[in-house]
Amino acid sequence: MSTPSNTAAPLDALIVGAGFAGLYMLHRLRHSGFNARIVEAGSGAGGTWFWNRYPGARVDIESMQYSYKFSDELAQAWDWSERYATQPELLTYVAHVIERFNLADGIQYNTRVNRASFNDATGLWDVATSDGKTVTARHCIMATGCLSSTNEPKFPGQDSFKGDTWHTGRWPKEGVDFTGKTVAVIGTGSSAIQSIPEIAKQAKRLYVLQRTANFSVPAHNQPLDPAYVADIKANYHDLRARGLAQPLAYDINLNPKLATEMSPAEIRAELDARWAWGGLPIYGAFADLLVDPNTNQLVAEYMREKIRSIVKDKATAELLCPTATFGCKRVCVDTGYYQTYNLPHVSLVDISKIGVEEIIPTGVRAGGQTIECDAIVFATGFDAMTGSLDRIDIRGRGGEALKDKWAAGPITYLGLMSAGFPNLYTITGPGSPSVLTNMIMSIEQHVDFITDCLEYLRAHGIAHIEAQHDAELAWGDHVQEVANGTLLYSCNSWYLGANVPGKPRVFMPYLGFPAYAEKCREVAAKGYEGFALSAV
Ligand code: N01
C-alpha cells in the first residue's frame, strides 16, 4: 500500500480516524471523486469499538438502529445476532463495511497525527504524522471520536502498584484473565457497569469503588428473532424515519405527554412498560423528563425502588441508589449489574466522601479503607469531545492553536468548524448533537453535510470555507441556552467536562437533533450561511 506522503499532489482531504465516521467519510468522498485518505492511530479500524474491548462491552442502542443507514444493500445484507451488538460483532461489521465498499487501500494504520497546521502561504493543511512524514491536503477532517481519549486520573503512588492495571478504554486485544485474582474497579459509569458483571464471573474477589452512583436500566439483551429482523428489514425506512424525527435520533417511542397530564396509575404503567422493554427508551417516558424536576424525581424514585428490589443487602442497595437528576449523566444500560452485588465475593466501597487517596504496592487506599488487590481496573471514562482534538497540535491561520482558542471551552459553528481554521472539519464535534444521539445517525448527517459542502466548493471554484466568528459565538450561546433550559446542568457530567480536573465547565453537545439537522439543511441551502467562502 502506498502511504499518503507518497502522493505527489496534495490530497483533496485527509481524514483522521477510521471509526464509523472516518470510514463513511472516506466512502462518500471517494464516491464523489475526491482524492481522500484516512490516517488511523490504531492497528485496526473501528475507533471507539477498536479500543473499548473490556469484558461485556456492547452498544447501548439496539443493533437494528445502531448501524449505517446510507446503504440499503448493506442494511439488508447484514444480520446482527443480538439485540445489542457486542464489541467483537461491531468490529466484524466494520470489517464487512471496509470490504463491501473497498475502503482498505485508503487507510493507513498505526499512524498517529501529531500536528495539523494550516499553511498560510499555500492555503493547504500540513499534517505531521508519527511515521515522521507530512501529508498535505486541502481539507482536513477530524473523525477522531467523542469518547476516544481516555481520562486517566493520576493517583498518588500509582507507579508503586505491583499488580496489573487496566483502563477500560485501552483494553488489550488478547483480553485479561482475572481468574483467581482480587480485583478493584474504580468507577461506576457505563464501562464499569458493563464490565463488573463479567469480571465478577472470573475474579476471586471484586471490590467496586464508587464515587457517584449511576442510574442503570436493564438491557434485556437477547438473540434477535429472525421474524422480528425480517419485519424491520421489510420496513427499514420507516424505522429510520421514526428515529430521525426524535431527539436521540433513535426510535424510543417518545411519549408526547407531560407527566403532569397523566394519572399516577398511567405514570406507573408507562415506567413499568419501559423498564420491561429495557434500555434508553426510558428517556422517552415523559416529554418533561429532562425539564421538570418533579417529573424527574418520579423517575429517579422509580429507579431507586427497582434497585432496592434487586439488591438484597440494604446498605449496599442504598449506596447504589443515585441521588442526582435522572438522565443528567448518561443513563447506563446493563446486563445483571445490580444483581452482581448479591454475589458473596463482590463488595461495593463508598468513596464518595474521601475518594481515592493513594495507590499502594499491594492495592488502593480509598474511602478510608485499604483494599488489597492483584489488579486495578480504571473505568474512569474519557476526556470527552475535545480530548482527542486537544492531543493533536492543531494550528489555524497565523499559527493560532485550537487548544488556546478553546481554552475556556470549545467554540464552533454547528459543531462543524471553528473560525480561523479554514477547511478543518470536526465530525460530531462539540456544539453538535453527537453523543446525545444515536451516534451513527449524527455521523451520517455530518458526513453528508461535509461531502455536499466539498462538492459545492468544487462546483463554485471556492478554495476555502471558514466559520464566521459572529456565527460561532451566536451558535455557542444557543447551545448553552438550550442546555440551560433543561436539568442537564445540574450534575457533574462528562457532557460538561466536569469529570476532567481543570476542564472548563461548558455543556458540549447540542440538545435537539431533528431541529439541528434542519438548521444544517437551511444553512447549506442559503449558500453556507454563517460561513465565509473564498476563491483563494
Ligand atoms: O465513563 P464515565 P464511562 N476517582 O465518565 C469515576 C459511553 N459508553 O467510560 O461519577 C474516583 O461515565 C466516575 O465517578 P464520578 C457512554 O456514553 C457507552 O463509564 O465522576 N472515581 C465514574 O463513576 C458513557 O456515558 C457504552 O463521581 C473516578 C467513572 O469513573 C461514556 O461512554 C459503554 C475518578 C467514569 O464514568 C463514558 O462511560 C461504555 C476519580 N478520580 C461507555 N475519575 C455503551 O454503548 C472518574 N471516576 C454501552
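Each row is one residue, and each column tells you yes or no for (1) in contact with a helix residue (DSSP H, G or I) (Cβ under 7 Å, 6 or more places away or on another chain); (2) among the aromatic types (Phe, Trp, Tyr); (3) touching a residue at least 40 places away in the same chain (Cβ under 8 Å); (4) within 30 Å of residue 181 (Cβ to Cβ).
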position	(1), (2), (3), (4)
254	yes, no, no, no
259	yes, no, no, no
267	yes, no, no, no
285	yes, no, no, no
296	no, no, yes, no
338	yes, yes, yes, yes
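So in the range 116-151, with the set limited to residues that are β-branched (Val, Ile, Thr) and crowded, with 21+ Cβ neighbours inside 10 Å, which one is farthest from the chain's Cα centre (by Cα)? Restricting to residues being β-branched (Val, Ile, Thr) and crowded, with 21+ Cβ neighbours inside 10 Å, the top hit is 135. For the range 210-249, filtering for residues that are without any contact (Cβ under 8 Å) to a residue 24 or more places away in the chain and either assigned to a loop (DSSP other than H, G, I, E, B) or aromatic (Phe, Trp, Tyr) (or both) leaves 3. Restricting 21, 41, 45, 13 to residues that are within 14 Å of residue 147 (Cα to Cα) and either touching a residue at least 40 places away in the same chain (Cβ under 8 Å) or in a helix (DSSP H, G or I) (or both) narrows the list to 21. Would you confirm whether or not the range 152-161 contains a residue that is closer than 30 Å to residue 412 by Cα, in contact with a His (Cβ under 9 Å, 6 or more places away or on another chain) and surrounded by 15 or more Cβ atoms within 10 Å (Cβ to Cβ)? Yes.
Summed over the range 58-74, the residues that are within 11 Å of the ligand (Cβ to nearest atom) and either of a type in the set (A, V, I, L, M, F, W, C) or in the same structural domain as residue 189 (by TED's automatic domain parsing) (or both) give a count of 2. Residue 8 passes every criterion in (1) part of a loop (DSSP other than H, G, I, E, B); (2) modelled with pLDDT of 95 or more apart from (2).
Would you point out which residue out of 466, 522, 481 is at pLDDT 95 or above, over 23 Å from the mean Cα position of the chain (by Cα), away from the ligand (no atom under 16 Å from the Cβ) and surrounded by fewer than 21 Cβ atoms within 10 Å (Cβ to Cβ)? Of 466, 522, 481, the one residue that is at pLDDT 95 or above, over 23 Å from the mean Cα position of the chain (by Cα), away from the ligand (no atom under 16 Å from the Cβ) and surrounded by fewer than 21 Cβ atoms within 10 Å (Cβ to Cβ) is 522.
Scan the range 374-384 for residues that are within 11 Å of the ligand (Cβ to nearest atom) and either part of a strand (DSSP E or B) or more than 27 Å from the chain's Cα centre (by Cα) (or both) and jot them down.
Result: 377, 378, 382.
Candidates 359, 371: the one that is within 26 Å of residue 179 (Cβ to Cβ), of a type outside the set (S, T, N, Q), in a strand (DSSP E or B) and touching a helix residue (DSSP H, G or I) at 6+ places or on another chain (Cβ under 9 Å) is 359. For the range 339-356, the set of residues classified as farther than 15 Å from residue 185 by Cβ and either more than 10 Å from the ligand (Cβ to nearest atom) or in a strand (DSSP E or B) (or both) consists of 339, 342, 344, 353, 354, listed by residue number.
Tell me yes or no: at least one residue of the range 176-190 is of a type in the set (D, E, K, R) and over 30 Å from residue 356 (Cβ atoms). Checked against the condition, which is being of a type in the set (D, E, K, R) and over 30 Å from residue 356 (Cβ atoms), the range 176-190 yields no hits at all. The set of residues from the range 185-214 being in contact with a strand residue (DSSP E or B) (Cβ under 8 Å, 6 or more places away or on another chain), within 11 Å of the ligand (Cβ to nearest atom) and not aliphatic (A, V, I, L, M) comprises 187, 188, 189, 190, 194, 195, 210, 214.
I'd like to know if the range 180-190 contains one or more residues that are touching a helix residue (DSSP H, G or I) at 6+ places or on another chain (Cβ under 7 Å), touching a residue at least 12 places away in the same chain (Cβ under 8 Å) and surrounded by 15 or more Cβ atoms within 10 Å (Cβ to Cβ). Talk me through it step by step, then tell me what you get.
Of the range 180-190, the ones touching a helix residue (DSSP H, G or I) at 6+ places or on another chain (Cβ under 7 Å) are 183, 185.
Now drop any that are not touching a residue at least 12 places away in the same chain (Cβ under 8 Å), which leaves 183, 185.
Subsequent filtering for residues that are surrounded by 15 or more Cβ atoms within 10 Å (Cβ to Cβ) retains 183, 185.
Within the range 180-190 (the criterion being touching a helix residue (DSSP H, G or I) at 6+ places or on another chain (Cβ under 7 Å), touching a residue at least 12 places away in the same chain (Cβ under 8 Å) and surrounded by 15 or more Cβ atoms within 10 Å (Cβ to Cβ)), the answer is yes, since at least one residue qualifies.
Enumerate the pairs (first residue in the range 491-509 and in contact (Cβ under 8 Å) with a residue 40 or more places away in the chain and at positive phi; second residue anywhere and in a loop (DSSP other than H, G, I, E, B) and of a type in the set (D, E, K, R)) with beta-carbon separation below 6 Å, excluding pairs fewer than 6 apart on the same chain, so at least 6 apart or on different chains. Final answer for the pair search is 497/503. Among residues of the range 371-393 that are closer than 12 Å to residue 185 by Cα, those with a beta-carbon under 8 Å from a residue that is more than 12 Å from the ligand (Cβ to nearest atom) and among the aromatic types (Phe, Trp, Tyr) at least six positions away or on a different chain give the pairs 371/207; 373/207; 375/166; 375/178; 376/161; 376/166; 377/166; 378/166.
Residue under question is residue 408, and the condition is that it be surrounded by fewer than 24 Cβ atoms within 10 Å (Cβ to Cβ) and either within 16 Å of the ligand (Cβ to nearest atom) or not charged (D, E, K, R) (or both); does it hold? Explain how you work it out, then say what you get.
Working: surrounded by fewer than 24 Cβ atoms within 10 Å (Cβ to Cβ): yes; either within 16 Å of the ligand (Cβ to nearest atom) or not charged (D, E, K, R) (or both): yes.
It is true that residue 408 is surrounded by fewer than 24 Cβ atoms within 10 Å (Cβ to Cβ) and either within 16 Å of the ligand (Cβ to nearest atom) or not charged (D, E, K, R) (or both).
Answer yes or no: is there a residue in the range 312-323 that is touching a residue at least 12 places away in the same chain (Cβ under 8 Å), outside the structural domain of residue 436 (by TED's automatic domain parsing), in contact with a Pro (Cβ under 9 Å, 6 or more places away or on another chain) and not aromatic (Phe, Trp, Tyr). No, the range 312-323 contains no residue that is touching a residue at least 12 places away in the same chain (Cβ under 8 Å), outside the structural domain of residue 436 (by TED's automatic domain parsing), in contact with a Pro (Cβ under 9 Å, 6 or more places away or on another chain) and not aromatic (Phe, Trp, Tyr).
The values are calculated or read from the model by the stated rules, or taken from the named source; none is laboratory data. Since the model is a prediction, treat every value here as computed from it, not as a measurement. Methodologically, a virtual Cβ is constructed for each residue, glycine included, from the backbone with ideal geometry; neighbour enumeration extends over all protein chains shown.
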